[in-house]
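This report concerns only the one structure given below.
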Amino acid sequence: MDSNIFIHPSAIVDSGAQIGAGTKVWHFCHLMPRSVIGESCILGQNVFVDNDVIVGNGVKIQNNVSLYNGVVIEDGAFIGPSVVFTNVINPRSFIERKQKFRKTVVRKGASIGANATIVCGVEIGCYALIGAGAVLTKDVKAYSIMTGNPAKQSGWVSKNGYRLIFNENGEAIEEITMKTYKLINNEVRVD
């Protein structure tokens, strides 16, 4: 393994797990043998990464998160503390359903707030923001803000995490970068 990787002594990294350069794996984490973690990631305390989970580069996963088989997290995503991912839609302890795992994809730059629950089989669009405590049951468009239980869209957000307010022409300007965002057919486009 790369000497630029930090693995806390209490973490368990099974043989075969792949970890990219510059990644930090903190206290009590467990990475299964077929897990893949990109470069420059941070895995907070007590993070579990199952087999066949793929985590991109520059991802931050806060404390007490379990990434189960079928979860894919793209570059630059943020997973808040105690976020819950599932991988079977109708679990039963007495029925084996490993062949029915549903894929969940968190696209580039998306953020998921603390204690949100992500029901399996959804795709969270690029730079979307899932509010703390939300229960997500369906796909999320890029740049959308989702809040509540069940989560519903409550607005739009810029790449840098600022709320976008669109004018009558369907344009919004992010106050920090002065970048123009356009709302076309209920989808956000960036100039």
Checklist outcome for this item: Counting only residues in the range 94-127 that are polar (S, T, N, Q) and surrounded by fewer than 17 Cβ atoms within 10 Å (Cβ to Cβ), the one nearest to residue 59 (Cα to Cα) is identified as 115
Checklist entry - Within the range 132-143, can one find any residue that is closer than 27 Å to residue 72 by Cα, among the hydroxyl-bearing types (Ser, Thr, Tyr) and over 15 Å from the mean Cα position of the chain (by Cα)? => result no
Checklist entry - If we only count strands (runs of 3 or more DSSP E) wholly inside the range 101-191, which ones have 1 or more residues that are polar (S, T, N, Q)? => result 104-106, 144-147, 152-157, 180-184
Checklist entry - Scanning the range 41-96 for residues that are of a type in the set (Ser, Thr, Tyr) and in a loop (DSSP other than H, G, I, E, B), which turns out farthest from residue 20 (Cα to Cα)? => result 93
Item to check | Condition met for residue 48 (within 15 Å of the chain's Cα centre (by Cα) and over 19 Å from residue 74 (Cβ atoms)) | outcome: yes
Checklist entry - Taking the range 128-138, which residues are of a type in the set (Val, Ile, Thr) and surrounded by 18 or more Cβ atoms within 10 Å (Cβ to Cβ)? => result 130
Next on the checklist: With the structure loaded, tell me whether residue 164 is free of Cβ contacts under 8 Å to residues at least 40 places away in the same chain and within 22 Å of residue 60 (Cβ to Cβ) or whether it fails that test.
Outcome noted: no
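Identify, from the list 145, 124, 89, 95, the residue that is under 21 Å from residue 49 (Cα atoms) and free of Cβ contacts under 8 Å to residues at least 24 places away in the same chain.
One residue alone meets the criteria, 124.
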Checklist entry - For the range 1-32, what are the residues that are part of a loop (DSSP other than H, G, I, E, B), over 16 Å from residue 63 (Cα atoms) and more than 21 Å from the chain's Cα centre (by Cα)? => result 1, 2, 3, 4, 5, 9, 14, 15, 16
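Kindly evaluate residue 57 against the criterion of being of a type in the set (S, T, N, Q) and either modelled with pLDDT of 95 or more or surrounded by 18 or more Cβ atoms within 10 Å (Cβ to Cβ) (or both). Give the steps one after another, and end with the answer.
On the way: of a type in the set (S, T, N, Q): yes; either modelled with pLDDT of 95 or more or surrounded by 18 or more Cβ atoms within 10 Å (Cβ to Cβ) (or both): yes.
So residue 57 passes the test.
The values are calculated or read from the model by the stated rules, or taken from the named source; none is laboratory data. Note that the structure is predicted; figures quoted are calculated from it, not measured. Neighbour counts run over all protein chains shown; Cβ positions are idealised from the backbone, glycine included.
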